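Data first, discussion second: the structure below is written as structure tokens.
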Amino acid sequence: MKRAVEPRFLSAGAVEDAVACMCVEACTRPAPGLRSLLERARSGFPDGPGRKVLDLCLLNLDTAGETGLPLCQDTGTAVFFAEKGNLVVISGGTLDDAVHRGVARGYREGFLRKSLVGCPLERTPLEDNSPAVLHIREVEGDALRLRLLVKGAGSENGSVASMLPPLAGEDGVTAFVRDAVLERGAGACPPLFVGVGLGGDLELCSILAKEALLRPFGRPSGEPRLRRLEERILGEVNASGIGPQGFGGPVTALEVRVEACPCHMASLPVAVCLGCHAHRTAERVL
Amino acid sequence: MKRLDTRCGPGQLRELAAGGMILLSGPVLAFRDRAHRRMAEMLKRGDRLPFDLSGAAVFYAAPTPAPPGRVCGSVGPTTAMRMDPFTPPLVGAGVRIFIGKGPRSPRVSRLLAESGAVYLAAAGGVAALGGCRVERCGAAGWEDLGAEAVYSMVLRDYPVFVALDTRGGNIFGKGASVESPEPC
């Protein structure tokens, strides 16, 4: 295979177009694979309000597919992860501006809710749903990969980061995540996806926890130790009995995903990012 | 499936038992955080509200914009616990049905039971379905609040669960015992 060495020009307009499409797609198109996860949660779930919630979740996937309406009225904050090849040159503007403009257009043209306010203290509503939250990484190659997570506030409000003692280990991390879900999970629209970030520092563990929510369904960590931790946390979270929408039952989370990276010897940063059952993502490679 | 109209009398509200699913129809006022604060401040000052809350049903919600050809976009509940501090003045103004998602504080639970009011929990994140169970939807005021404005809606067979009933019954188990800040 010939390795690209020439710069590749990608217009800011093309990025904006892709971003606008991604916003509409993520909000309105049920994620492939979500149905089977919800159906698995429902099989064997005892009769009662929790099971009825799962029925409604499944029905909502059908309705969104038929009507093109957003799965959830909280079309959220648009969180983008961009991996920009080192040979990619964005022409006619910056990557930042292209993403923000694409979000503004996607939310306007797609009849998505504009949920952002300007000043967090004054709370003045913004005209469109920009700016996005944007994380850019440079990688090798001549492609631009964009991944979008649509993040509603109900689940984001249940998210938390903290600094554990450095030797807290699996026990400490498991207890922290379980308690976070116990305290705030019921209002975060369970059954949940639980993203956990370990290591780095205050902001990096939070980014890892959020990025974990973009991992494809049914793919546990490649690290045996983290995979065991994911299973253990999932077991404890589901033993909590919170259940769908907090109505009780054996399924509170559908998946737990742990990402880790190096950190200072004196700390163990940990972040928990809760994702609701209306899991909304999109991806494009340009 | 049990059905309820939001214009029902207090007797019908007293018959509701926590845990049951019902299909809700009738008019509701939909608003959320900022409208709550504004209402609570106006009520505290003794100002007259531009909305009639007497006997009203309040839905903690803000829909997506209606696409062409539809009466409304997606409709679903927002987290009710954030409205806990503003609930006492609304109950005082006559609201008898609250619709939202997630657990409430014990204080709100007691207040509702004492007042013959109920909290109905809708399933969050099922808003495409919810939008198809809304017959009419329009702006009712305070458009300066953007998406947090007040909307007037008419529901038809909107699925909800009786979460807090008039006898103190509670659908939520664990994760439901967090006390809210002092009422405003």
Among the helices (runs of 4 or more DSSP H) lying completely within region B:1-99, list those that include at least 2 residues that are β-branched (Val, Ile, Thr). B:87-92
I'd like to know if region A:155-166 contains one or more residues that are within 20 Å of A:Pro250 (Cβ to Cβ) and of a type outside the set (Gly, Ala, Ser). no
Restricting the search to region A:1-43, which residues are assigned to a loop (DSSP other than H, G, I, E, B) and either in contact with a Pro (Cβ under 8 Å, 6 or more places away or on another chain) or under 15 Å from A:Ala104 (Cα atoms) (or both)? A:Gly33
When every residue in region A:159-176 that is part of a helix (DSSP H, G or I) and aliphatic (A, V, I, L, M) is compared, the one farthest from the other protein chains (Cβ to nearest Cβ) is A:Val173
Subset of region B:97-112, residues surrounded by 20 or more Cβ atoms within 10 Å (Cβ to Cβ), out of contact with any Pro (no Cβ under 7 Å at 6 or more places or on another chain) and of a type outside the set (S, T, N, Q), comes to B:Ile97, B:Phe98, B:Gly102, B:Pro103, B:Arg104, B:Val108, B:Leu112
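Working carefully through the options B:Ala56, B:Ala61, find the one that is crowded, with 17+ Cβ neighbours inside 10 Å, out of contact with any helix residue (DSSP H, G or I) (no Cβ under 7 Å at 6 or more places or on another chain) and facing another protein chain (nearest Cβ under 9 Å).
B:Ala61
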Would you mind stating whether A:Arg51 is over 20 Å from the mean Cα position of the chain (by Cα), in contact (Cβ under 8 Å) with a residue 40 or more places away in the chain and not in a loop (DSSP other than H, G, I, E, B)? yes
Evaluation of B:Gly146 against (1) surrounded by fewer than 21 Cβ atoms within 10 Å (Cβ to Cβ); (2) touching a residue at least 24 places away in the same chain (Cβ under 8 Å) (one fails), failing number: (2)
Any idea how many residues of region A:159-196 are surrounded by 16 or more Cβ atoms within 10 Å (Cβ to Cβ), under 16 Å from A:Ser240 (Cβ atoms) and small (Gly, Ala, Ser)? 5
Mind listing just one residue for me: the one in region B:154-166 that is away from chain A (no Cβ under 12 Å) and surrounded by fewer than 24 Cβ atoms within 10 Å (Cβ to Cβ) and, of those, nearest to B:Leu111 (Cα to Cα)? B:Thr166
Set A:Ala20, A:Ala78, A:Ala31: member being in contact with a strand residue (DSSP E or B) (Cβ under 7 Å, 6 or more places away or on another chain), surrounded by 19 or more Cβ atoms within 10 Å (Cβ to Cβ) and more than 9 Å from every other protein chain (Cβ to nearest Cβ): A:Ala78
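Which of the residues that make up region A:120-135 are aliphatic (A, V, I, L, M) and exposed (fewer than 14 other Cβ atoms within 10 Å of the Cβ)?
A:Leu121
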Being in contact with a Gly (Cβ under 6 Å, 6 or more places away or on another chain) and at pLDDT below 95 is true for just one of A:Gly187, A:Gly141, A:Gly152. Which residue is that? A:Gly187
Restricted to region A:137-158 and to residues being assigned to a strand (DSSP E or B) and surrounded by fewer than 15 Cβ atoms within 10 Å (Cβ to Cβ), the residue nearest to the other protein chains (Cβ to nearest Cβ) is A:Arg137
So, in region A:235-251, exactly how many residues are buried (at least 20 other Cβ atoms within 10 Å of the Cβ) and either among the hydrophobic types (A, V, I, L, M, F, W, C) or within 19 Å of the chain's Cα centre (by Cα) (or both)? 6
I need the strands (runs of 3 or more DSSP E) fully contained in region A:212-286, keeping only those with at least 1 residues that are under 29 Å from B:Gly173 (Cβ atoms) and of a type in the set (A, V, I, L, M). A:253-263, A:268-275
State all residues of region B:109-153 that are in contact with a strand residue (DSSP E or B) (Cβ under 9 Å, 6 or more places away or on another chain) and under 18 Å from B:Pro10 (Cα atoms); if no residue qualifies, say none. B:Ser109, B:Leu112, B:Ala113, B:Ala117, B:Val118, B:Tyr119, B:Leu120
Kindly provide the set of residues from region A:75-91 that are in a loop (DSSP other than H, G, I, E, B) and more than 14 Å from the chain's Cα centre (by Cα), ordered by number. A:Asn86, A:Leu87
Among the residues of region A:83-135, count how many are more than 11 Å from chain B (Cβ to nearest Cβ) and not charged (D, E, K, R). 27
Residues that are closer than 18 Å to A:Ala186 by Cα and either more than 7 Å from chain A (Cβ to nearest Cβ) or in a loop (DSSP other than H, G, I, E, B) (or both), drawn from region B:108-135: B:Val108, B:Ser109, B:Tyr119, B:Leu120, B:Ala122, B:Ala123, B:Gly124, B:Gly125, B:Val126
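The values are calculated or read from the model by the stated rules, or taken from the named source; none is laboratory data. A quick note: this is a predicted structure, and the numbers were derived from the prediction, not measured. Note: ideal-geometry Cβ built from the backbone for every residue, glycine included; neighbour counts use all protein chains shown.
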